[in-house]
Amino acid sequence: MIFNSVEFFLFFSVVFVLYYLISPKLQWGLLILASSFFIMYSVPSFILVLLVVILFNYVTGIQIDKAKPDALKKQIFTLSSVVNISILVFYKYINFLLENVNYLFSTFNADASIPMISVLLPLGISFYIFQVISYNYDIYWEIEQPERHLGHFAAYLMFFPKIVSGPIERASRFLPQIKSPKKFDYQNVVPGLQLILWGLFKKVVIADRIATSTDLVFNDVGNYQGLSILIATGLYTIQLYADFSGYTDMALGLARMLGFKLTDNFNRPFSATSISDFWRRWHITLSSWVTDYIYTPVSAEKRGWNKWGIVYALFLTFVILGAWHGASWNFIFYGVLHTMAVSYEFLTKKYRKRWSEVVPTKIYTSISNFLTVAYFGFTLIFFRVVSFDGALLAIRKVFFDFSLSLSGLGLGISLKNAIIIVLGTIIMLKLDKWKMKKGGLNILLAAQSGLFRWLFYYLIVFSVMIFGVFGTNNFIYFQF
Amino acid sequence: MDINEILKELNILYRRVLENDSVSLSLETTANDVDGWDSLNHMRIISEIEKQFDVKFALKEIMRLKNIGDVCDLIHKKLA
């Protein structure tokens, strides 16, 4: 049930009305029921995995806190991490691991032929497993207290606006919110609706329209020339942002309508002037998670290695961040490419600082910004093309099979589509920039005249109705 | 060594490691307030502190540091 579907609209309307009709003391119960229905709507058995994860971590959280001496604390914490990671590895990576084991044996002329296991990836598992890992970490580090109300803890992990694709919300930010009763309040409902509308615009007008062209090219790289691939790469960069930030806006909007404030995942990523800067602006709840729970502990552990300790920690962090997206060498390599960029930036900081003092600021910033976005787009080739060979072929084509002829690009974009994509993208990037500067879409819109606000609503609603592409496309991040 | 002396020494150390003479620390200062004190430089600073004050921090202690006040308290506790 995706957010931009009729089923979801009906589902949410019912939940919304009931939520404000029942006693606020029971709201968490309704959220659990609604979330269970939402999860079971795709594959009913998915709920079982989630229930096991909830019960297990509810117990470990309390036990880590209670345990004495510290050695026992550590044992329970380690056990919880091992179990949580094993669950994720089993559902997400088992066949990838088996495939590679088989391959390794075959290179030694041994035949392992371990058969693949048929497993479905449970809805949202990459997101909720990360949330329970950090939950146990925070209790182990004595930064947070464990949650003792099982219902509240379950609602934290199940909360349907964020179950499928995040944001990866920290327990310390979510749990206090579920403890306060929610009354119907226009100050929540209106900003929520605005965000949902805005997210819908990004998804159906921009992302899904671009998807038609990028799917053509990236599903059959061999049949396209370098220029087509280059344009498709640029378009895919915009598509991914429109798709995932559109999803996130809708998730935040839905949560807000129910009285919750979730963490935004984006802060003008295309204004970044380095890849390190980029990762503070792109998929923020994932990048801050890997910073706090992988990078910082590893770099602390290896601080004796000085700067090589940092590079080592960066490598582990980005490889895991890459692999988090899926079980394939492409995603791992995507992580390696980002390790290389961030390590380069870290090791050449002094040298680059000297350059920045010589070159006029505006020029230096513009060049850095262009290089950052271009490099990110380049890494997305490995993110989007399914096979490693396919990704390499795409890159070879950009360099060695390049023709400036515009005929036969084969992107399937009509002039009308091109205009909608360009205008839509400009509106999206401008508005997101203002939104972040002002501290929120509702604050930005409240500062405008009533006429402007209504014009904006009409523009968005009519664009969605007239130019929206409906029906076929799931959100990209649903597969992770 | 009292907290104020530790703070003074830390200020000199931060200026040296971050190569930034405008750093001015108070007990409430956090990483967000200091230019260049990011996650990439954080562990360099921590290991410089350990060398200078001849102390050793546990991972748990490092993870709990929220501001300069926490850093001073931790050093103070280790030296006591």
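Say we look at the stretch B:61-77 and pick out the residues that are part of a helix (DSSP H, G or I) and either touching a Pro at 6+ places or on another chain (Cβ under 6 Å) or aliphatic (A, V, I, L, M) (or both); which of these is farthest from the other protein chains (Cβ to nearest Cβ)?
Within the stretch B:61-77, the subset part of a helix (DSSP H, G or I) is B:61-63, B:68-77.
Keeping just the survivors that are either touching a Pro at 6+ places or on another chain (Cβ under 6 Å) or aliphatic (A, V, I, L, M) (or both) gives B:62-63, B:68, B:71, B:74-75.
Numbers: B:I62: 5, B:M63: 5, B:I68: 18, B:V71: 14, B:L74: 14, B:I75: 16 Å.
Filtering the stretch B:61-77 for residues that are part of a helix (DSSP H, G or I) and either touching a Pro at 6+ places or on another chain (Cβ under 6 Å) or aliphatic (A, V, I, L, M) (or both), the one farthest from the other protein chains (Cβ to nearest Cβ) comes out as B:I68.
Which number in (1) of a type in the set (V, I, T); (2) in contact (Cβ under 8 Å) with a residue 40 or more places away in the chain; (3) more than 13 Å from chain B (Cβ to nearest Cβ) marks the one condition that A:I332 misses?
Of the numbered conditions (1) of a type in the set (V, I, T); (2) in contact (Cβ under 8 Å) with a residue 40 or more places away in the chain; (3) more than 13 Å from chain B (Cβ to nearest Cβ), the odd one out for A:I332 is (2).
I want to confirm something. Restricting to the stretch A:42-65 and keeping residues that are at pLDDT 95 or above and of a type in the set (S, T, Y), which single residue is farthest from the chain's Cα centre (by Cα)?
By that ranking, first place goes to A:T60.
Can you tell me which of A:G326, A:G309 is within 16 Å of the chain's Cα centre (by Cα), of a type outside the set (S, T, Y) and modelled with pLDDT under 95?
A:G326
Could you run through the stretch A:1-48 and say how many residues are touching a Phe, Trp or Tyr at 6+ places or on another chain (Cβ under 7 Å), over 18 Å from A:M250 (Cα atoms) and touching a residue at least 40 places away in the same chain (Cβ under 8 Å)?
Within the stretch A:1-48, residues that are touching a Phe, Trp or Tyr at 6+ places or on another chain (Cβ under 7 Å), over 18 Å from A:M250 (Cα atoms) and touching a residue at least 40 places away in the same chain (Cβ under 8 Å) number 2.
Can you name the residue in the stretch A:266-306 that is within 13 Å of chain B (Cβ to nearest Cβ) and not in a helix (DSSP H, G or I) and is also modelled with the lowest pLDDT among such residues?
If we take residues in the stretch A:266-306 being within 13 Å of chain B (Cβ to nearest Cβ) and not in a helix (DSSP H, G or I), then A:N306 is modelled with the lowest pLDDT.
Considering only residues that are in contact (Cβ under 8 Å) with a residue 24 or more places away in the chain and either surrounded by 20 or more Cβ atoms within 10 Å (Cβ to Cβ) or of a type outside the set (F, W, Y) (or both), look in the stretch A:335-352 and name the one that is farthest from A:I381 (Cα to Cα).
In this case the residue turns out to be A:L347.
What are the residue pairs meeting all of these: first residue in the stretch B:46-72, first residue closer than 20 Å to B:L18 by Cα, second residue assigned to a loop (DSSP other than H, G, I, E, B) and among the aliphatic types (A, V, I, L, M), Cβ atoms under 8 Å, and 6 or more apart or on different chains?
Close Cβ pairs satisfying both conditions: B:I49/B:V55; B:N67/B:L27; B:I68/B:L25; B:I68/B:L27; B:G69/B:L27; B:V71/B:L65; B:C72/B:L27.
Here's the yes/no breakdown for (1) more than 28 Å from the chain's Cα centre (by Cα); (2) more than 26 Å from A:I2 (Cα to Cα); (3) surrounded by 12 or more Cβ atoms within 10 Å (Cβ to Cβ):
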| residue | (1), (2), (3) |
| --- | --- |
| A:V83 | no, yes, yes |
| A:S106 | yes, yes, yes |
| A:N109 | yes, yes, no |
| A:I125 | no, no, yes |
| A:Y137 | no, yes, yes |
| A:W141 | no, yes, yes |
| A:P146 | no, yes, yes |
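Does A:V17 count as among the β-branched types (V, I, T) and closer than 28 Å to A:Y140 by Cβ?
Answer is no for this residue.
Of the residues in the stretch A:112-133, how many are in a loop (DSSP other than H, G, I, E, B), over 20 Å from A:Q479 (Cα atoms) and in contact with a Phe, Trp or Tyr (Cβ under 9 Å, 6 or more places away or on another chain)? Give the derivation first.
Looking only at the stretch A:112-133, we keep the residues that are in a loop (DSSP other than H, G, I, E, B), and these are A:112-124.
Applying the additional criterion that residues be over 20 Å from A:Q479 (Cα atoms) yields A:112-115.
Going one step further and asking which of them are in contact with a Phe, Trp or Tyr (Cβ under 9 Å, 6 or more places away or on another chain), we end up with A:112-114.
Residues in the stretch A:112-133 being in a loop (DSSP other than H, G, I, E, B), over 20 Å from A:Q479 (Cα atoms) and in contact with a Phe, Trp or Tyr (Cβ under 9 Å, 6 or more places away or on another chain): 3 in total.
It is to be established whether one or more residues within the stretch B:20-39 are over 30 Å from A:D70 (Cβ atoms), within 11 Å of the chain's Cα centre (by Cα) and either within 11 Å of chain A (Cβ to nearest Cβ) or among the aliphatic types (A, V, I, L, M) (or both).
yes
Consider A:K68 carefully, then state whether it is touching a Pro at 6+ places or on another chain (Cβ under 8 Å) and at pLDDT below 95.
no
So that you can scan it fast, the table gives a plain yes or no per residue for (1) touching a His at 6+ places or on another chain (Cβ under 8 Å); (2) outside any helix (DSSP H, G or I); (3) among the polar types (S, T, N, Q):
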residue: A:G408; (1), (2), (3): no, yes, no
residue: A:G412; (1), (2), (3): no, yes, no
residue: A:K433; (1), (2), (3): no, no, no
residue: A:L445; (1), (2), (3): no, no, no
residue: A:F456; (1), (2), (3): no, no, no
residue: A:S463; (1), (2), (3): no, no, yes
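Just need a number here: residues in the stretch A:267-317 that are within 22 Å of B:A58 (Cβ to Cβ), surrounded by fewer than 19 Cβ atoms within 10 Å (Cβ to Cβ) and touching a residue at least 40 places away in the same chain (Cβ under 8 Å).
1
Please pick out the residue among A:K349, A:K362 that is within 14 Å of chain B (Cβ to nearest Cβ) and out of contact with any Lys or Arg (no Cβ under 7 Å at 6 or more places or on another chain). Walk me through it before giving the result.
Details: A:K362 fails: within 14 Å of chain B (Cβ to nearest Cβ).
Matching residue, one of A:K349, A:K362: A:K349.
Please enumerate the residues belonging to the stretch A:42-68 that are under 14 Å from A:E142 (Cα atoms) and either touching a Cys at 6+ places or on another chain (Cβ under 6 Å) or not in a helix (DSSP H, G or I) (or both).
Matches in the stretch A:42-68: A:A67, A:K68.
Under the condition of being closer than 20 Å to A:D138 by Cα and surrounded by 17 or more Cβ atoms within 10 Å (Cβ to Cβ), which residue from the stretch B:43-60 is nearest to the other protein chains (Cβ to nearest Cβ)?
Applying the filter and picking the extreme gives B:M43.
Which residues, taken from the stretch A:380-406, are in a loop (DSSP other than H, G, I, E, B) and in contact with a Gly (Cβ under 6 Å, 6 or more places away or on another chain)?
Across the stretch A:380-406, the qualifying residues are A:D401, A:F402.
Quick test of your reading of the structure: A:F378 fulfils all but one of (1) over 21 Å from A:T214 (Cβ atoms); (2) touching a residue at least 24 places away in the same chain (Cβ under 8 Å); (3) surrounded by 14 or more Cβ atoms within 10 Å (Cβ to Cβ). Name the failing condition by number.
Failing condition for A:F378: (1).
Just wondering, is there one or more residues in the stretch A:340-352 that are modelled with pLDDT under 95, in contact with a Leu (Cβ under 8 Å, 6 or more places away or on another chain), in a helix (DSSP H, G or I) and over 25 Å from A:N369 (Cα atoms)?
Among the residues of the stretch A:340-352, not one is modelled with pLDDT under 95, in contact with a Leu (Cβ under 8 Å, 6 or more places away or on another chain), in a helix (DSSP H, G or I) and over 25 Å from A:N369 (Cα atoms), which makes the answer no.
The values are calculated or read from the model by the stated rules, or taken from the named source; none is laboratory data. These numbers were taken from a predicted model, which means no experiment stands behind them. Virtual Cβ from ideal backbone geometry, glycine too; neighbours counted across all protein chains shown.
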